[in-house]
Amino acid sequence: MQHLDLQVVEQAQDWLNAGETVWFCTVLSTFGSSPREPGSIMVARADGRHLGSLSGGCVEEDFLERLQAGEFSQRVCTERYGQRREDNRPQIQLPCGGILDVLIERLEPDESNRCHLAELLAVMRGREQKWRWVSLVDGSCSLTPVDSAGGARVEVAVDSVSVRMGPSLRLIIAGLSSVARACAEFAVSLGYEVIVCEPREEEYRDFHMNKDLENVRLEKILPSMFIARPGNCHQQTAVVAMTHDPRIDDLAMIEAVYTDAFYIGVMGSRLTSDKRAARLMTTGGLNPDQLARINMPIGLALGSKTPAEIALAVMADVLRVQRGIKRDEL
């Protein structure tokens with residue numbers, strides 16, 4: 001989940017608490033090119049005020065125009081954009097040429113809907129993911145546990161849909177380096193909450209002077225200490241270390257394997273990684289199963305050389321695991 005998702009649900013709750021009916025929209029599936037992925041959400045009021053997005057703008061404009069004209073009065077429905085309608089009614093064509101399926105829920109300001117959104121917010125502010133199940137028959141909804149941290153964001157059945165919800169994606173970067181800075185920039189653009197843990201003053205002295213890092217949170221603390229604190233690593237957290245300093249990288253890995261982080265990785269050549277694995281077992285006390293959780297060398301094998309190329313390979317691998325894709329399936 002991205003930060004924007006949390007803001008959307010908070011806004012929906014605020015409007016319900018103020019006595020407003022809201023329309024909660026979720027992208028269910030995309031075919032071809034699409035600027036927003038399945039699971040993206042938007043909330044709107046009857047007067048057109050809204051937060052979040054479903055596409056690059058064209059879908060939102062059509063939906064809001066029809067909403068203000070009195071459409072979407074039913075409790076739940078789905079709408080397909082980008083494909084000619086059977087009734088020959090004019091249908092917008094997405095500039096990217098794709099097709100978009102959207103779930104539209106009409107939520108009245110009653111106790112049941114307010115409780116559901118309160119529970120959903122608790123999930124998004126917590127540590128674990130849950131499925132948000134919605135009936136396509138009567139619009140009833142509930143939250144149920146998920147089996148794994150990675151995998152499809154949306155599952156569509158004949159008469160229901162399930163959307164994976166949970167805490168915002170978080171990237172914890174153990175220590176600053178040229179690769180770490182590039183990685184932070186990539187992660188911010190991908191919607192991650194990015195936290196850099198750096199105890200060395202000489203490394204973070206000019207941190208806030210870098211405009212590319214203005215949306216990155218700096219913790220002036222040893223990464224292992226931050227990672228070990230309860231609540232800092234949840235199921236939507238990736239932990240990466242790229243300093244080449246064992247005092248930073250090794251300790252971060254030792255703590256990370258005891259957390260719920262869905263991705264753990266450390267930079268280094270194959271030889272360096274083999275030596276680190278031996279240290280982590282003998283000195284760090286890790287067992288083979290814990291060691292297997294650590295991606296080392298980190299990232300996809302793209303032949304990367306420059307800091308930006310290495311950062312790209314790292315974030316591509318994080319995305320792979322987040323999507324539940326095995327390396328041999330690429």
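The values are calculated or read from the model by the stated rules, or taken from the named source; none is laboratory data. Source: prediction; values computed, not measured. Heads up, the Cβs are rebuilt from the backbone with ideal geometry, glycines too, and the neighbour counts pull from every protein chain shown.
Values for this structure:
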quantity	calculated
Residue in the range 232-250 that is surrounded by the most Cβ atoms within 10 Å (Cβ to Cβ), counting only those that are over 11 Å from Arg170 (Cα atoms) and not aliphatic (A, V, I, L, M)	Asp249
Where a residue in the range 191-210 is more than 15 Å from Ile248 (Cβ to Cβ) and its partner, wherever it lies, is part of a helix (DSSP H, G or I) and modelled with pLDDT of 80 or more, with Cβ under 6 Å and at least six apart	Val194/Ala184; Val194/Ala187; Val194/Val188
Listing of helices (runs of 4 or more DSSP H) fully contained in the range 258-330 that carry 1 or more residues being touching a residue at least 60 places away in the same chain (Cβ under 8 Å), within 27 Å of Glu128 (Cβ to Cβ) and in contact with a strand residue (DSSP E or B) (Cβ under 8 Å, 6 or more places away or on another chain)	307-322
Test set (1) part of a strand (DSSP E or B); (2) within 21 Å of Arg293 (Cβ to Cβ) - Val196 fails condition number	(2)
Selection within the range 124-141 - in contact with a His (Cβ under 8 Å, 6 or more places away or on another chain) and either at pLDDT 85 or above or not assigned by TED's automatic domain parsing to the domain that holds Glu108 (or both)	Cys141
Test: residue in the range 143-160 that is assigned by TED's automatic domain parsing to the domain that holds Gln7, over 24 Å from Asp249 (Cα atoms), polar (S, T, N, Q) and in a loop (DSSP other than H, G, I, E, B)	yes
Phe31 being surrounded by fewer than 17 Cβ atoms within 10 Å (Cβ to Cβ), assigned by TED's automatic domain parsing to the domain that holds Val154 and out of contact with any Pro (no Cβ under 6 Å at 6 or more places or on another chain)	yes
Matching option when the condition is on the phi > 0 side of the Ramachandran plot and either modelled with pLDDT under 90 or not assigned by TED's automatic domain parsing to the domain that holds Ser112 (or both), among Gly48, Gly57, Gly70	Gly57
Residue check, Ser53 touching a strand residue (DSSP E or B) at 6+ places or on another chain (Cβ under 8 Å), surrounded by 15 or more Cβ atoms within 10 Å (Cβ to Cβ) and either touching a residue at least 60 places away in the same chain (Cβ under 8 Å) or of a type outside the set (Asp, Glu) (or both)	yes
Leu64, sole failed condition from (1) modelled with pLDDT of 95 or more; (2) part of a helix (DSSP H, G or I)	(1)
The range 1-28, residues that are surrounded by 17 or more Cβ atoms within 10 Å (Cβ to Cβ), polar (S, T, N, Q) and at pLDDT 95 or above	Gln11, Gln13, Thr26
Qualifying residue in the range 131-138 (condition: aliphatic (A, V, I, L, M), surrounded by fewer than 20 Cβ atoms within 10 Å (Cβ to Cβ) and in a loop (DSSP other than H, G, I, E, B))	yes
Residue within the range 321-328 that is surrounded by 13 or more Cβ atoms within 10 Å (Cβ to Cβ), at pLDDT 95 or above and at negative phi present	no
Residue selected from the range 267-284 under the condition among the aliphatic types (A, V, I, L, M) and within 31 Å of the chain's Cα centre (by Cα), by the criterion surrounded by the most Cβ atoms within 10 Å (Cβ to Cβ)	Met267
Options Leu176, Leu171: the member that is closer than 30 Å to Pro307 by Cβ, more than 20 Å from the chain's Cα centre (by Cα) and crowded, with 22+ Cβ neighbours inside 10 Å	Leu176
